[in-house]
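Taken together, the values in this text are just the output of simple stated rules run on the coordinates, not laboratory data. No experiment lies behind these values; they were computed from the predicted model shown. A quick note on method: Cβ atoms are made from the backbone with ideal geometry, for glycine too, and the neighbour counts reach across all protein chains shown.
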Amino acid sequence: MLTLSSLFSKPKKFNLRENLIPINQLQTTRGGWKSTGDDPYFVIQKEIQAKTWFRMVLQLDMDVERQASKFYLDFGAGVDEQNSVVLEANSGKVCSRLIYAKNDITHFRFDPVSCKSKFQISTLELELVSNTVAICEVTAELSARSKLFAELQHEDILSKATDLSLESGTTLEEQLHEHYDRLFVEFSAPTSTYKDWIKYVEAPHFSALSNIDQSRYLYQPLISILVPIYKTDPAFLKEMIHSVQRQTYANWQLCLVDDASDSAQISKILDEFASRDDRIDVKHREGNGHISATSNDAISLARGDYCALLDHDDLLADHALLEIVRALNNLPNLKVLYSDEDKIDKDGLRTGPHFKSDWNLDLLYSHNYISHLGVYKTELLEAVGGFRLGYEGSQDYDLLLRCVEKCRTEEIYHIPWVLYHWRAIEGSTAFSSDQKEYTSQAGVNALQSHFERCGMDATVEPAKIPNVYKVNFNLPQRLPLVSLLIPTRDGLEILQQAVKSILGKTTYPNYEIIILDNQSCEKETLEYFTKISGHERVSVVNYDHAFNYSAINNYGAAKSKGSIIGLINNDIEVINPQWLTEMVCQCIRKDIGCVGAKLFYPNDTIQHAGVILGIGGVAGHSHKHFHHAANGYFSRLQITQNLSAVTAAALLVRREVFLEVAGLSEALPVAFNDVDFCLKVRRAGYRNLWTPFAKLYHHESVSRGDDTSGEKSLRFQKEVNWILQKWGPELSRDPFYSPHLSLTDEDFSLSTEKYISIDGPLY
């Protein structure tokens with residue numbers, strides 16, 4: 001029996017990094033390891049008793065995007081493939097899985113990668129797990145991801161697995177582990193690496209750019225590149241300057257300002273470059289004024305129409321300025337431009353590409369995702385007064401916030417190519433975000449100052465991740481009434497769980513629950529309706545028609561009283577008591593449309609972190625099946641952001657917005673009605689938003705089953721065709737996702753498919 005004590009007893013954890021013995025094709029590097037071949041491995045000295053479940057937790061920081069890491073279990077007779085288990089390791093992300101020791105384990109062999117690469121082992125832990133907890137987690141995974149056990153309840157999976165174990169002569173645990181292990185084999189196929197992307201996507205694109213006749217561009221502005229310098233490594237300083245001189249677009253000015261480095265070598269390098277190239281201007285400050293004052297000196301040197309910001313040891317891609325000019329010739333009214341970026345180490349190895357969202361205001365409120373390469377209209381920099389003293393460490397974030405205050409959305413533009421290489425060396429925030437702790441507080445101050453200037457009632461606090469922020473929009477004194485609409489047909493057990501968790505855990509005080517009964521007939525359900533209707537917050541409304549999720553909720557919205565409408569599935573369960581408060585404080589903002597929550601499977605992996613258009617042909621869920629504690633792609637699992645759509649399993653929207661777009665489309669009775677609704681709201685001019693601070697379990701599709709066979713399959717295909725016909729262009733390019741990321745997987749992995757023609761539309 002599953003007890004509270006078994007669930008919450010203190011686990012036994014072991015840090016296996018202390019037990020690593022490098023055996024093959026491994027060399028130590030500063031802070032990590034380097035594999036010299038395709039078969040690197042360690043031996044881990046750790047004994048595990050037979051008939052024990054344990055969890056392996058791994059985080060690798062690699063120069064490749066994804067690898068199938070392997071653990072070989074040595075039961076005393078050596079290692080072989082039959083006794084190996086796979087973890088899908090995504091660079092910078094925590095991954096974990098359960099393992100069952102059928103016999104005594106004497107030690108492990110650990111293969112972190114299967115190619116030449118550099119990597120750090122940030123986490124490698126072994127955690128003992130009780131048999132009860134392990135089986136519950138495994139059955140939940142099998143229900144969610146296994147075709148053999150799809151959508152079965154815990155007891156039914158155990159029954160089926162028991163039958164299989166009797167047939168095969170294995171134990172129940174061995175049988176469960178066998179089918180659980182197949183999930184990881186299926187989901188561990190290697191995807192495109194960053195090296196592949198550079199070779200098959202970037203290189204052909206840049207090659208085509210090299211052949212462009214630049215004389216065809218009517219607008220060829222002077223671009224001033226601003227570089228504050230302080231005690232720069234001479235080799236890196238020269239490389240930075242050379243990267244500017246290699247630009248295929250020649251009309252640039254390089255403004256170099258040394259902040260009293262007190263280095264004759266640096267002064268000599270700067271003066272020599274200036275003497276040989278009249279496009280380079282140099283200023284030597286007499287006293288140290290720090291980065292803001294030095295950057296302002298660089299602005300004072302600028303003669304260009306636009307200014308690009310470049311750090312003293314970073315590099316520009318050869319076509320960086322040409323891409324800027326291409327954008328300006330297509331969109332001449334731009335005031336702020338930014339590009340994708342990556343990191344580069346001292347040996348010139350490129351890693352960690354950041355393929356960014358298009359303009360995403362609430363993502364910017366969470367962290368400075370724009371960063372490099374940032375390009376600003378010079379008159380805009382002058383209008384805001386340049387960099388502000390006192391914001392050193394986040395001076396670029398403060399500048400950006402003040403600039404975008406004076407821009408319309410259409411004046412801010414994202415170029416989806418890696419135009420900037422951020423130097424990842426010890427002491428740099430590119431190397432580690434906690435290298436400069438003061439930057440985080442400077443960012444809080446910059447963002448708080450922005451809200452004060454804009455007259456927005458909000459407070460900013462640092463998040464757990466360095467240089468990431470949580471914005472708390474304050475609620476009005478008179479709290480809006482929220483009407484939570486829960487459609488259901490029988491399914492008493494899950495409905496009770498949902499209602500009980502909302503009533504028992506929700507701290508937001510002003511809400512009502514409207515249960516929309518769609519022809520329930522079971523005696524126990526009807527008795528529950530009678531009983532629960534006596535609760536002051538709960539009412540039951542009958543909808544006596546065929547199932548149509550959209551129509552049911554439209555009917556419920558008409559019967560509700562709240563100024564905020566909440567679409568809530570009958571199979572959700574509240575996790576954090578503040579969930580509704582967090583959603584309401586976002587929903588009341590006049591520029592916000594739909595607000596979505598962070599939803600988990602019962603095994604605490606991610607079910608929903610927003611919807612990405614185009615995945616699977618229509619739309620898919622962001623970061624599906626990621627570990628509950630994972631940061632996600634550039635922290636996107638932990639930060640508030642704008643997205644094209646969110647799931648209606650837990651969605652809030654103001655009544656006025658709901659009515660403005662005429663509610664949910666009843667032509668979509670089951671699938672994609674939430675995507676369609678969100679796109680209608682976006683088209684009406686609102687930003688849809690997802691928050692990680694509202695957390696709920698979603699026992700997905702327990703009440704409806706799947707859509708893969710018979711009549712349901714035909715209906716599903718009809719709905720696919722309907723939404724493709726209506727939203728085809730919007731579905732092909734999600735502005736909050738990169739065209740360089742996968743449309744087949746939901747994990748932000750790279751794609752190597754070429755997506756534009758050099759002679760076609762800009763992007």
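A few comments on the model shown:
- Convex hull of segment 215-427 built on C-alpha atoms - directionally averaged projected area, nm²: 11.5 nm²
- When +1 charges are put on Lys and Arg Cβ atoms and -1 charges on Asp and Glu Cβ atoms, the dipole computed for segment 585-729 relative to its Cα centre reaches about 420 debye.
- Solution diffusion estimate, µm²/s, Stokes-Einstein, segment 553-657, Kirkwood Rh from C-alpha pairs, 25 °C, viscosity 0.890 mPa s: 167 µm²/s
- The length gained on full extension between Asn474 and Glu47, counted as 0.36 nm times the residue separation minus their Cα-Cα distance, comes to 148.4 nm.
- 0 to 90° range, to nearest 10: angle between helix 234-245 axis and the chain longest Cα axis: 90 degrees
- Over the chain, the alpha carbon radius of gyration divided by the compact-protein estimate 2.2 N^0.38 Å works out to 1.02.
- Between the helical axis of 438-453 and the longest alpha-carbon principal axis of the chain there is an angle of about 80 degrees.
- The fraction of all Cα pairs in segment 4-186 landing in successive 5 Å bins from 0 to the largest distance is 1, 8, 15, 20, 19, 15, 11, 6, 3, 1, 0, given as whole percents.
- On Cα atoms only, tilt of 320-330 relative to the major axis of the chain in degrees: 80 degrees
- Virtual spin-label span in nm between Ala208 and Asn510, 7 Å along Cα→Cβ: 5.5 nm
- Summing Lys and Arg as +1 and Asp and Glu as -1 over all other residues whose Cβ lies under 12 Å from the Cβ of Thr232 gives a net charge of -4.
- Computed from phi, the 3J(HN,Hα) profile of segment 350-363 under the Karplus parametrisation 6.51, -1.76, 1.60 (θ = phi - 60°) reads 8, 9, x, x, 10, 8, 8, 6, 5, 3, 9, 4, 6, 5 Hz, with x in place of Gly and Pro.
- Across the chain, the mean sequence separation of Cα contacts (distance under 8 Å, 6 or more residues apart), normalised by length, yields a relative contact order of 10 percent.
- For the peptides 33-40, 486-493, the ranking by packing is 486-493, 33-40, with the highest mean count of neighbouring Cβ atoms within 10 Å listed first.
- Highest-first arrangement of 219-226, 346-353, where packing means the average Cβ count within 10 Å: 219-226, 346-353
- Label sites at Asn24 and Asn131, each approximated as a point 7 angstrom past Cα along Cα to Cβ, lie 3.6 nm apart.
- From least to most packed, judged by other beta carbons within 10 angstrom and beginning with the fewest, His177, His284 follow the order His284, His177.
- Amide hydrogen proximity for Asn576: with H placed 1.01 Å from N in the peptide plane, the residues at 5 or more positions away or on another chain lying under 5 Å are Lys695.
- Centre separation in Å (Cα based) which lies between segment 454-520 and segment 530-566: 16 Å
- Entries of Lys13/Lys695; Lys13/Lys147; Lys335/Lys464 with Cα pairs more than 28 Å apart: Lys13/Lys147; Lys335/Lys464
- Here the sum of -39500 (n - 2.57) over DSSP H runs of 4 or more residues, divided by the residues of the chain, equals -9500 deg cm²/dmol at 222 nm, to the nearest 500.
- Interchain or long-range residues, amide H under 5 Å from Ile592's placed H: Arg687
- Sites Glu666 and Lys531, calculated FRET efficiency, Cβ-Cβ separation with R0 45 Å, nearest 0.05: 0.90
- Residue-by-residue Karplus 3J(HN,Hα) for segment 50-60, coefficients 6.51, -1.76, 1.60, Hz, glycine and proline x: 5, 6, 10, 8, 8, 10, 9, 10, 9, 9, 10
- Selection from Thr581, Ile565, His628 lying farthest towards where the dipole of segment 551-677 points positive, charges on Cβ: Thr581
- The distance linking segment 246-280 with segment 45-123 is 50 Å (Cα centroid to Cα centroid, whole angstrom).
- The calculated FRET efficiency for the pair Thr744 and Arg303, based on their C-beta separation and a Förster distance of 51 Å, comes to about 0.60.
- Shown in residue order for segment 514-519 are the 3J(HN,Hα) couplings computed by the Karplus curve 6.51 cos²θ - 1.76 cosθ + 1.60 at θ = phi - 60°: 10, 7, 9, 7, 9, 6 Hz (x for Gly and Pro).
- Here r is the Cβ-Cβ distance between Thr170 and Asn288 and R0 is 60 Å; the resulting FRET efficiency, rounded to 0.05, is 0.25.
- Counting every other Cβ atom within 10 Å of each residue's Cβ, Tyr306, Tyr391 order from fewest to most as Tyr391, Tyr306.
- The distance between label points at Glu524 and Arg408 comes to 6.0 nm (points 7 Å beyond Cα on the Cα→Cβ vector).
- Bridge type composition, the chain - antiparallel percent by DSSP, nearest 5: 65 percent
- Full extension of the chain between Lys268 and Ala684 yields a length gain of 144.0 nm, computed as 0.36 nm times the residue separation minus the alpha carbon distance.
- Peptides 461-467, 612-618 ordered by packing proxy, namely the average of other Cβ atoms within 10 Å per residue, highest first: 612-618, 461-467.
- Extension reserve of the Leu148-Lys34 stretch, reckoned as 0.36 nm per residue once the Cα distance is removed: 37.0 nm
- For the chain, the residue among Ala609, Ile723, Ser449 whose Cα projects farthest onto the positive side of the dipole built from Cβ charges is Ser449.
- Listed by chain and number, the aspartates and glutamates placed with their C-alpha closer than 19 angstrom to that of Lys505 are Glu493, Glu536, Asp571, Glu573, Glu582, Asp604; residues fewer than eight positions away on the same chain are left out.
- Less than 5 angstrom separates the built amide H of Thr123 from those of Gln59, all sequence-distant by 5 or more or on a different chain.
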